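Read-outs throughout are calculated quantities, based only on the coordinates presented, and are distinct from any laboratory measurement. Keep in mind it's a predicted model, so treat the numbers as computed, not measured. Don't worry about glycine lacking a Cβ; one is built from the backbone with ideal geometry, like all the others, and counts go over all protein chains shown.
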Amino acid sequence: MRDRPGFGLRARGCVVAGLFVLAGCSGGGGGADAGADAAKGAASQTPSASPGTGSTPAPTAPGASGAPLVPELDESRQPKTAAEARALLGRIVIGQAAFGPEVERATPFESDPRRWPVLDQDCVWQTEGLPPDVLATSTRYFQIPAKDGHGRVLINATVTVHHDRQESGWETARAMEEVLRCPDQKLRDGEDLKGLWGGALHLGEQMNGWTEDAFTESGKYVSAAQGGGPQPYIWSQGQFGPVTLAVAGKGAEGFADAALNALVVQGTSRLMVNTKQELAKAAP
């Protein structure tokens, strides 16, 4: 999935909390770059918080009306095969219209669904075949072309389907480990992430009422092809049952940070809405 990260909350945690609030209020409660920008591979098996199990219901956090923003998972709707997972992906993934009229498809538009990025010991992203815990993954790439005094803005949206909630929870835990181990990461030659920090909030912690596990990463993006930099970089990830979803944004000279954050929240929110519609239990 790459272009993402993790972090233990620090003084900048208020920025992260703000993103969670926006995601929770946008689209009814929350919503993929090729190679090193797809879903993450195996890393440390030591999560900062225990992921849920496939058979244990996740807690719910109430919205303003008292109804939970995170409904109960219908485990009977979880995909059991790769084919079922790919079909589910097709109903969850978003196109450029989810971000607004200024956003276009980038080239390439979609990642290789047979590949998965892994952060090696030198903090360089490599790609491998899908690991056993991933049934299907998709990353789509978008852009706002350079115009009106700003450079080219890059966005990618990723959805990954696991067998159950336990596996998707471990993915979030590994994301935390990766950013702590490698605050500076190389995406590819001439393209780097610098000074990454990140954090995760379980449902009900602080301001997270929109996802079972919220994970946000922030830092700087440096790219020779994008005019050097550094430019703002942000990754926002959510989880519902066996599905993780995330949107990353890479800023540009002259493009407001707030506008970049809003695009990330908007995409994440749409993805989460789609996921809940597909996997939540029907209301009684």
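Here are a few things to note about the model shown:
- Rounded to the nearest 20, the Cβ-based charge dipole of the stretch 130-194 about its Cα centre (Lys and Arg +1, Asp and Glu -1) stands at 280 debye.
- Our estimate of slack between residue 120 and residue 259, defined as 0.36 nm per intervening residue step minus the Cα-Cα distance, is 46.8 nm.
- Looking at the stretch 83-167, the GluC sites (Glu not before Pro) that sit in a DSSP loop and have at most 15 other Cβ atoms within 10 Å of their own Cβ are 102.
- Whether the stretch 146-284 is rounded, prolate or oblate, judged on the alpha carbon gyration tensor where a/c under 1.5 counts as rounded: prolate
- The chymotrypsin sites (Phe, Trp or Tyr not before Pro) of the stretch 78-129 include none that meets both criteria, a DSSP state outside H, G, I, E and B (loop) and at most 11 other C-beta atoms within 10 angstrom of the site's C-beta.
- Residue order, fewest to most beta carbons within 10 Å, for 213, 74: 74, 213
- Set 194/250; 80/281; 186/250; 147/250; 80/276; 80/186 screened for pairs whose C-alpha atoms are more than 24 Å apart: 80/186
- Shape of the stretch 214-258, Cα gyration tensor, a/c cut at 1.5: prolate
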